[in-house]
1. Answer with yes or no whether Leu225 is surrounded by 15 or more Cβ atoms within 10 Å (Cβ to Cβ) and on the phi < 0 side of the Ramachandran plot.
2. Among (1) in the same structural domain as His132 (by TED's automatic domain parsing); (2) in a loop (DSSP other than H, G, I, E, B), there is one condition Arg6 misses while meeting the rest; what is its number?
3. Just give me the residues in region 82-120 being of a type in the set (D, E, K, R) and surrounded by 17 or more Cβ atoms within 10 Å (Cβ to Cβ), in sequence order.
4. Go through (1) modelled with pLDDT of 95 or more; (2) over 18 Å from the mean Cα position of the chain (by Cα); (3) assigned by TED's automatic domain parsing to the domain that holds His132; (4) not charged (D, E, K, R) for Ile205 and report which single condition fails.
5. With the requirement that a residue be hydroxyl-bearing (Ser, Thr, Tyr) and either in contact with a Pro (Cβ under 7 Å, 6 or more places away or on another chain) or more than 17 Å from Pro194 (Cβ to Cβ) (or both), what does region 1-34 give you?
6. Can you tell me how many residues within region 254-290 are within 23 Å of Gly234 (Cα to Cα), surrounded by 12 or more Cβ atoms within 10 Å (Cβ to Cβ) and among the aliphatic types (A, V, I, L, M)?
7. Answer yes or no as to whether Asn142 is closer than 27 Å to Glu228 by Cβ and assigned to a loop (DSSP other than H, G, I, E, B).
8. Filter region 163-199 down to residues that are within 8 Å of the ligand (Cβ to nearest atom) and either outside the structural domain of Asp113 (by TED's automatic domain parsing) or surrounded by fewer than 16 Cβ atoms within 10 Å (Cβ to Cβ) (or both), then give me how many there are.
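The values are calculated or read from the model by the stated rules, or taken from the named source; none is laboratory data. Since this is a predicted model, take the numbers as computed values, not measurements. For neighbour counting, all protein chains shown are included, and Cβ atoms are generated from backbone atoms with ideal geometry for every residue, glycine included.
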Amino acid sequence: MTEAVRFEDKVVIVTGAGGGLGRAHALLFAQHGAKVVVNDLGGSTHGEGANASAADKVVAEIRAAGGTAVANHDSVTDGGKIVQNALDAFGRIDVVVNNAGILRDKSFVKMEDADWDLVYKVHVEGAYKVTHAAWPHLREQNFGRVIFTASTSGIYGNFGQSNYGMAKLGLYGLTRTLAIEGRKNNILVNAIAPTGGTRMTEGLIPPQVFEQLKPELVSPLVVFLGSEACEETGGLFEVGGGWMGKVRWERSLGAGFDPRAGFSPDDVAANFARICDFEGAAHPKDNIEAMKEMMANLQKYAG
Ligand SMILES: NC(=O)c1ccc[n+]([C@@H]2O[C@H](COP(=O)([O-])OP(=O)(O)OC[C@H]3O[C@@H](n4cnc5c(N)ncnc54)[C@H](O)[C@@H]3O)[C@@H](O)[C@H]2O)c1
C-alpha cells in the first residue's frame, strides 16, 4: 500500500526533539521518508544547562531504523544556526516544527522577571528566530509547512502558568498572521495544543493517565500538518491520548448602541447578559469578517 503522507527529498527541522513530544515527531517524520534535523539544547525542564546527548541519541535511533537525520545542539534562540545546519546538511528546508519548550511555573504574585523572560525567550523568541530564518527559503521554493506548539494553558489559562500561557497563546497569534502572509507561497502554518506524558508533565498528571498519554499519539497530526497532503492553514488543534479536535474563536452576536447619542456604563450593565449570550454566535474567519457587526452598527445609526 502506498501512503499519501510521504516526505522523500523533504527536510524537516524539529526543535526540542531530544525527548518527549519532539522526539516522537522526529521519529515519525523520519519513518515517512523525511530528512530530519533533530535540534535539542539538552537542558533541564527549567531551561538550565545543556547536553548534546539528547539530540545525538534520537539521531542514532533514526539511523538505526534506516532513516536520515543530523543532530543540532543550538538553542532555538539561535534559530539562524539551526536553519543553516539544515541547509549545510541537506541543502534545503521544507518543514519547521517549533516544539522546544521549558517551564518556570509560579503564581503571578511570586513571578520574577527572569521566569517571565526565559519562558518568553525559549517559546516565543525561539520559535520566531527559527521560523524567521527558514521563511525566505520556504517563500523561494513556494512550499513550506510550519507547526507551532501552543498549549491549553494558553487557550484556557492555568494557575501558576501566566508566563507560559502568555507565550503559548502568543504563538497562536503568530500562527494566524503567518498563515495569512504565507498563503500565496503555499506556506501553511498551524498550531497544536498537545497533551503528552513527558518529563514536563511527570508528577502533574496522575501516573495511570500519564502512562497512556504517549507522546507518539500526538505525532501523526503533526506529521500530517507538515505534509503536502495538508491544505489547512491557521488552525489550532488540541491533541493527545489518541484524540484530536479543532479549536476556533466564537463571538456572541453582541449588542449595539447609538455611537452618536452615546451610552453609559449602566447601558452596558443592562445589556451585559446579551453581550455575553452565545446563542447563534458568529465565527469570524478574518479581520474583515470580524468588523462586520461593528460597521453595521455604525451604518444603522448614521445620519
Ligand atoms: N507534554 C504536554 O502535555 C504539553 C502540553 C502543552 C504543551 N506542550 C509543549 O510541547 C512541547 C514539547 O514538550 P514536552 O512535553 O515534550 O517536554 P520535554 O521537556 O520532554 O521537551 C522539550 C524539549 O525542548 C528542549 N529545549 C528546551 N529549551 C530549548 C532551547 N532553548 N533550544 C532547543 N531545545 C530546547 C528540551 O531540551 C527538551 O528536550 C513544549 O513546547 C511544551 O511547552 C507540552
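1. For Leu225, the condition - surrounded by 15 or more Cβ atoms within 10 Å (Cβ to Cβ) and on the phi < 0 side of the Ramachandran plot - is met.
2. The single condition Arg6 does not satisfy is (1).
3. Across region 82-120, the qualifying residues are Asp94, Arg104, Asp105, Asp115.
4. Of the numbered conditions (1) modelled with pLDDT of 95 or more; (2) over 18 Å from the mean Cα position of the chain (by Cα); (3) assigned by TED's automatic domain parsing to the domain that holds His132; (4) not charged (D, E, K, R), the odd one out for Ile205 is (1).
5. Residues of region 1-34 hydroxyl-bearing (Ser, Thr, Tyr): 2, 15.
The one that is hydroxyl-bearing (Ser, Thr, Tyr) and either in contact with a Pro (Cβ under 7 Å, 6 or more places away or on another chain) or more than 17 Å from Pro194 (Cβ to Cβ) (or both): Thr2.
6. Residues flagged as within 23 Å of Gly234 (Cα to Cα), surrounded by 12 or more Cβ atoms within 10 Å (Cβ to Cβ) and among the aliphatic types (A, V, I, L, M) within region 254-290 amount to 3.
7. yes
8. Residues in region 163-199 being within 8 Å of the ligand (Cβ to nearest atom) and either outside the structural domain of Asp113 (by TED's automatic domain parsing) or surrounded by fewer than 16 Cβ atoms within 10 Å (Cβ to Cβ) (or both): 1 in total.
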